Structure formats: C-alpha cells, structure tokens
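Structure, as structure tokens:
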Amino acid sequence: MLDDWSKGKVQDVFSNINMKFPNFREKFLSHLNTLDVSYQKQLAHSFDKDIIQRCNDKQEFHDFGVGLAECDQWYMDYFSSDDSDDDSIHKERRDHRDEDYYPTALLHCCSIGDYSFVKWCCNHGVNVNRYCTYSGQSPVLTACENGHTEIVKLLLDSGADFNHCDNQEQSSVMKACEHGHTEIVKILLDRGTDVNTYDIMRNTSLMKACVNGHTEIVNMLLNRGATYKCVNWLSRSPVMMACTQGHTKIVKMLLDKGEDINTCYVFGESLLLYACENGRIDIVKMLLHRGADCNKCDVEGQSPLMMAVENDHTEIKNLLLDTLGTV
C-alpha cells in the first residue's frame, strides 16, 4: 500500500477494503508515524494523478487549486447534457454523481471521518484549500456534508475557506443545512458565513433546511437574518417547500415570522392549494385556522377543494366542504 501511495495511487490505497475498518486505519497511521518525517510529508502531499488526468481528458496537469477551474466546464457539460437517449450513458453519469473520487488522503479522510488521519495531514502542512474532487468538493465541504464536526473545526482552525463552493455553487453551510448537521451550521454561522448565499438553482441554506425538515436549523437561520421571502429558479419559496413536504412546525415558524398566508406563486398556486394537493392535513387545518382563502384558484382554475378530490384526500375534502359551508 505504501508503494502505491508513494506512486500517487491514492484512490487505490484508500479504496482498499481494509481501510474501511477504523482499527486497521489506526494501526496503519501508527506505522506511518514511525517512518521518516520527509517520507510522511511526501505521502501526505501526494495526489492521484490518474484522477486528475481523467478529469482533464488525460492532459498533463501539474498543479490545481480550489474549485478545479480547469475541470468545471468538463464536469458541467458531462453531467448537465440530457441530449442522449443512451441509457448506459445516463447510468454512467448517475454513477459518477453518486460516487465522487478523492485524489488526496485528506479528502478521503474528511469523507470517512477519520479525525486522526486528517490531523496527520494537517500536521504535515497539507494545504486544506488546495485540492478538490470532480464536483468541486473541498475538504471542508466534504466534512460538512458528512457531519464530521470535529474535523470541520480542525480544518477551519487550519485555515479552510468555508466560503468556497462546489460546481453547483453549494457552500459549506448549505451542505450542513441540507443534511441536518446543526452543530456544524452553528459553527459556520459563528465564523461569519453568509446565511443568504444561493446555489446554481438559487436555493438558499434556508430552503435546504426547510425542504428537509430540519426545524432547529431553520430557527437558527431565521434568528441570524436569513431571508425567507425569496424564491429559487423554480419559483419555490422556503414556506412552499416546507408546506409541500409536510413540515408543519416549519410552516408555522415562517408564518409567525411574517410570511403571507395567501401568497400565490408563478402559476397562482397558494400554500393551501399545495397542502391540499399533497395531503398535508395538519398544515391545511393550520392555514384555514389562520384565514387562508379556500376559494383561491391557480391559473388553470384549480381550487384547493379540486386538488383534494383529485388526489383522493377525503379528510381534507370534508374539511374544506365544512369550511366552505360556514363562509
């Protein structure tokens, strides 16, 4: 393994089945620490040239920085193109989306959450901002996404750029919000990260927390000044996302904050219509109790009642009929 590593075959070393076991990694690291310091440093700083060459269409590449700028267009063209009918090509794209490749030991260990190995890399002077994956994942982005709190702290203390974004313009705080890592979100906010940045689809950290039902994070973001009256490129707002997914507490939180209960979106869809369409009975009750207009239709003339009937939400249908009968 050390021979492969010294030759830059980092992916092969950390893909070894034994490296999945913490006890083995601990023994392996203990052995590394017995080696000559200069050799340890060489290993810590090595990167997988095969991955870089594949990313750059096998063009020689000696150095690369945050974001892998030279790979961005290749990555976007490869993964965003939908003009092929070849199922095998689409499968290959999905496989690459699902499995990112890590060209350095630091990136591997940030992914699996091995604090000792990450500290070993940092102690040997590895630049925590220099290397990224195909998708632009830096070490701190990787650690934030996977919820490795102590590693995030270590990387930040080592100078990691928490404002760096991946190829989809997703920042560290967005990753943490999406995956519900509350403590990491707090750490990043305390460090001064911008709470209102957005990704390539104009999704904010608040939107990611809302759609995934992370109530505590939503509350934290709102208290830190997160904008809740905003929409992404699909014209979906934080409250609409929470409403559609049935996150009642978050919907209440946003309404209490001042979100308009009768706001309609690009096709005239109201919150009540979305809740009725998706069978969110508790949200429907809350919206009606707060005075939501149950007669408001979208641009196609569909009312909340029609949506409830169309989608076989009987309890909601009866609730709406009772409400309509009293107005």
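Computed values, structure above
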read-out: Cα-centred dipole magnitude for the stretch 172-280, charges only on beta-carbon of K, R (+1) and D, E (-1), debye, nearest 20; value: 80
read-out: Net lengthening on full extension, Asp3/Asn23 (0.36 nm per residue, minus Cα-Cα); value: 5.1 nm
read-out: Centre separation in Å (Cα based) which lies between the stretch 210-243 and the stretch 187-209; value: 10
read-out: Pairs from Lys186/Lys249; Lys20/Lys153; Lys119/Lys175; Lys252/Lys317; Lys208/Lys317; Lys41/Lys153 whose Cα-Cα separation, in the structure shown, is over 27 Å; value: Lys208/Lys317
read-out: Square roots of five times the Cα gyration tensor eigenvalues for the stretch 234-327, Å; value: 18, 15, 12
read-out: Neighbour-count ranking [beta-carbon atoms within 10 angstrom, fewest first] of Ser158, Ser270; value: Ser158, Ser270
read-out: The stretch 1-36 versus the stretch 265-286: alpha-carbon centroid distance in Å; value: 53
read-out: The stretch 167-274: chymotrypsin sites (Phe, Trp or Tyr not before Pro) falling in loop per DSSP and having at most 11 other Cβ within 10 Å; value: Trp233, Phe267
read-out: Calculated FRET value between Tyr39 and Glu150, using beta carbons and R₀ = 22 Å, to 0.05; value: 0.20
read-out: The stretch 287-302 residues near the modelled Thr263 label - backbone nitrogen below 19 Å, point 7 Å along Cα→Cβ; value: 287-294, 296-299
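Every number in this text was worked out from the coordinates using simple rules, so none of it is lab data. Keep in mind that this is a model prediction, so the values were computed, not measured. Here the Cβ is made from the backbone with ideal geometry for all residues, glycine too, and neighbour counts use every protein chain on show.
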